[in-house]
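A short reminder: the numbers here are calculations on the coordinates, not readings from a lab. Worth saying up front: this structure is predicted, and the values here are computed from it rather than measured. Glycine also receives a Cβ, built like all others from the backbone with ideal geometry; neighbour counts cover every protein chain displayed.
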Amino acid sequence: MHIPDNYLSPSTCAAFGVTMLPIWKWASTKVKREITRQKMPLLGICTAFVFLIMMFNIPLPGGTTGHAVGATLAAVLLGPYSAVISVTIALAIQALFFGDGGILALGVNCFNMAFVMPFVASYIFRFIKYNFLSEKGEYVGAFLAGYISLNVAALLTALEFGIQPILFTNNGGMPLYAPYGLNVAIPAMMIPHLLVAGILEGLVTAGVYAYVKKLSPEIIYEGTSNKIKPLYGLIVSLVILSPLGLLATGTAWGEWAPEELREFIGFIPNGMVDGLNFSAPIPDYYMSGISEIVAYIFSGLLGVGVIFILIKILSKVQFKNNPEKVN
């Protein structure tokens with residue numbers, strides 16, 4: 001679901017980037033007002049979880065691959081505003097360090113996964129939780145919130161891909177960017193997400209939610225906990241197990257390299273040829289001369305390390321200006 005650069009027109013990317021600016025400001029303002037010093041480690045853990053869970057690729061129908069996003073879990077544990085910040089940080093690190101998702105397309109990816117997905121998930125979870133007042137209702141709510149919100153995000157991604165050949169063509173009528181129209185993009189995205197990826201997102205959300213509730217229910221009900229160390233253990237476990245994501249072969253739909261796309265359609269659209277060519281330091285979590293497994297684990301460690309450093313900096317800035325917000 002990470003849209004690479006040059007698959008969407010610059011004007012499309014700019015429109016979504018401008019749209020995200022007030023959303024980021026709105027979310028930042030809400031987080032500054034609501035989050036406490038005790039919640040900051042949870043923000044870091046949720047952000048690390050989002051980053052890592054997206055490294056676990058699974059095979060999808062049609063020969064492509066996909067992954068859970070983790071945005072639903074962040075929204076359920078911390079609220080949608082904190083989830084906006086959490087998922088945005090994870091997506092930015094993926095794009096800048098690993099070339100996973102485009103630089104110009106960062107605003108689009110954040111709109112789909114860091115804005116729409118957490119808010120859809122939050123509303124669904126709250127509706128089910130407060131209308132079915134039982135523990136089973138919470139778990140069902142967590143699962144459905146993950147399943148539905150991921151598929152909403154997938155549909156938006158399909159629409160963004162599918163409108164490109166309608167709106168942007170050269171003088172000969174050939175597509176300049178993503179070449180597949182809505183009639184291809186929608187079923188290609190939705191079938192695997194409805195059948196597999198959405199179920200995975202729901203199971204991950206419900207499973208980790210149950211784990212956190214059993215480990216430390218005050219995280220669920222109060223947003224704070226002194227029993228946070230096992231959650232760091234969860235992050236370490238995900239880093240160690242991350243090479244399992246290498247088992248899935250194939251490329252996620254819409255995330256092909258230009259050469260791969262040439263094999264499918266016989267040419268590379270001009271917008272991709274002349275578009276942005278950003279070279280990430282560790283492209284696709286791979287480093288030359290190092291085994292894929294070691295490189296993948298190192299990438300996970302690097303991403304998590306950067307996340308916790310950023311959260312530490314944000315915490316110092318926030319509580320320097322708001323020293324009274326301790327509890």
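For this structure, a couple of remarks:
- Estimated FRET transfer efficiency (N131, F298; beta-carbon r; R0 51 Å; 0.05): 0.65
- Among A105, A15, A142: highest mean-square fluctuation, GNM of the chain, C-alpha pairs under 10 Å: A15
- Amide hydrogen neighbours beyond the local backbone of L60, cut-off 5 Å, H modeled: T65, G66
- Lysines whose Cα lies under 25 Å from that of K129, excluding same-chain neighbours fewer than 8 positions away: K30, K39, K213, K214, K227
- Using the Karplus relation 6.51 cos²θ - 1.76 cosθ + 1.60 with θ = phi - 60°, the per-residue 3J(HN,Hα) values for region 275-284 come to x, 5, 10, 8, 9, 6, x, 10, x, 6 Hz, with x marking Gly and Pro.
- Spin-label model distance (nm) - S288 vs S237, 7 Å beyond Cα toward Cβ: 3.8
- Here r is the Cβ-Cβ distance between R262 and L203 and R0 is 35 Å; the resulting FRET efficiency, rounded to 0.05, is 0.45.
- Span per principal axis, largest first, for the Cα atoms of region 241-316 (Å): 50, 30, 24
- With the helix formula -39500 (n - 2.57) applied to DSSP H stretches of n ≥ 4, the chain reaches a computed 222 nm mean residue ellipticity of -20500 deg cm²/dmol.
- Label point of K229 set 7 angstrom out along Cα-Cβ; within region 190-213, amide nitrogens under 18 Å from it belong to 212.
- Residue exposure sequence - S279, S9 - by fewest surrounding Cβ within 10 Å: S279, S9
- Region 99-146: chymotrypsin sites (Phe, Trp or Tyr not before Pro) falling in loop per DSSP and having at most 15 other Cβ within 10 Å: F132
- Taken over region 1-107, the ratio of Cα radius of gyration to 2.2 N^0.38 Å equals 1.14.
- Per residue convex hull volume, Cα atoms of region 56-120, in Å³: 98
- Seen from a random direction on average, the alpha-carbon convex hull of the chain projects onto 16.6 square nanometres.
- Projected label distance in nm at L276 and L244, using a 7 Å step from Cα toward the beta-carbon: 3.4
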